[in-house]
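Bear in mind that the values in this text are calculations on the coordinates, not laboratory data. This structure is a prediction, so every number in the text was calculated from the model and none was measured. Note that each Cβ is placed from the backbone with ideal geometry, even for glycine, and that neighbours are counted across all protein chains shown.
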Amino acid sequence: MPELPEVETIRRSLSRNIINKKIISVTVRDRRLIKEPSLAEFKKHIKGSRVSEVSRRGKVLLIGLDNKKYLIIHLRIAGWLIYPQLQKKARVVFKFSDNTFLNYMDQRALGELRLLEDYKQFSFLKRLGPEPFELTAAEFSQRLKMRKTNIKNLLMNQEIIAGIGNIYAQEALFLSGINPQRSALSLNSGEVRKLHKSIVAILKKAIRNKGSSIDLYRDTQGNKGGMQECLMVYDKKGQPCYHCKTKIVKINIAGRGTCFCPQCQS
C-alpha cells in the first residue's frame, strides 16, 4: 500500500509536470472508482479545467483545479499514477491539451476518486492527525500519552499521525530499538523522542529513494522505487539482523505481519 513517501514521490513528479495544464477529456473505464459526485458531474467539472496545484495530505493526493474544485485521489491498496503516455490498462484517464495523459492505474480497483469544492470537508481528511514533518517531539509525546494501545498500531492510526503504514512503522520502531508489541504507555520520554526522530528520518530517506516498490507501486514514469533495497526489518523474517545478526522474527499484530529483532528491540 502506498504510504507517505510513495505518495509524496508522486506529488513531486506531478507538480513538475502537470501544473497549468488544461484537461480536455476524462475517460472513466471503471465507474466504481468515482465516489462523488455523480460520474456525469465528475467529468463535466474536470473537463476544460486547468491544474493549479498538486498537494498531499497523509496518503491522499489533492489536485487543485482553476475552477476552485479539488480532484482527490486516494490510492488505497494498489493504486498508482502514470504520466505522460496513455496506458491501455488505466482505469481512469485524464488527457491534457498538449496530448499527454495522467493515467490512474489500479489492478484491484480499490482506490477512490472524488471531486469536491472543499477538500477539508472530506470526512476522511478531517479525521487525519498531523503530518509527521510538522509534528514536534513534544506534540508527538502528547499524542502517545496515557495510551495503552501497542505502539505499532498507534503509529498506523491515521488519526494520531498521518501517512505511516505497515512498512515505515516497522522500520521506525527498529531504528528506535522499540518492540512493536509494547504499549505506548510503557515508553519513557527518551524512547518517545528517539521514535519521533526515527519516524522523520525513515520517511525522509524513503522519499529520497522514491518510495518502496514492495508490491505494485511505481512512480509516475512507471519505475520502481529504491527504498525496498534499504529496508532493515520489513519482510525480513528469518534473515540476520542488520546490527546484531539475530534472526528477524515475524508476528501478527492486529492482522498485519510485523517483523522485528528480538535482541535489538526491547
Legend entry - 0 to 90° range, to nearest 10: angle between helix 4-17 axis and the chain longest Cα axis: 30
Inset, instruction - Using only Cα atoms, tell me the angle between helix 189-208 and the longest principal axis of the chain; keep it within 0 to 90° and round to the nearest 10. - result: 40
Legend entry - Reciprocal mean inverse distance between Cα atoms of segment 147-266 - Kirkwood radius, Å: 14.7
Inset, instruction - Find the centroid of the Cα atoms in segment 187-221 and in segment 1-37, then give the distance between the two in whole Å. - result: 22
Inset, instruction - Note the angle between two axes, namely the Cα long axis of helix 166-176 and the longest principal axis of the Cα atoms of the chain, as a number of degrees from 0 to 90, rounded to the nearest 10. - result: 40
Inset, instruction - May I ask you to derive the relative contact order of segment 132-260, considering only C-alpha pairs under 8 Å and at least 6 residues apart, and to give it as an integer percent? - result: 22
Legend entry - Hydrodynamic radius of segment 1-106 per Kirkwood, over alpha carbon pairs, in Å: 13.7
Legend entry - Label point distance in nm, Leu39-Gln142, each placed 7 Å from Cα along Cα→Cβ: 4.7
Legend entry - Coil-residue GluC sites (Glu not before Pro) of segment 91-167, DSSP, other Cβ within 10 Å capped at 16: Glu117, Glu159
Legend entry - Separation of the Arg108 and Lys22 label points, Cα + 7 Å toward Cβ, nm: 3.9
Legend entry - Length gained when the stretch Ser186-Gln85 is fully extended (0.36 nm per residue, less Cα-Cα span): 31.2 nm
Legend entry - Label-point gap, in nm, between Lys245 and Leu116 - each point 7 angstrom along Cα→Cβ: 5.3
Legend entry - Mean residue ellipticity (222 nm) of the chain, computed from DSSP H runs ≥ 4 via -39,500 (n - 2.57), nearest 500: -8000 deg cm²/dmol
Legend entry - the chain: relative contact order as a whole-number percent, Cα under 8 Å and 6+ apart: 18
Legend entry - Distance-filtered residues of segment 162-193 - backbone nitrogen under 17 Å, label point 7 angstrom along Glu134 Cα→Cβ: 162-164
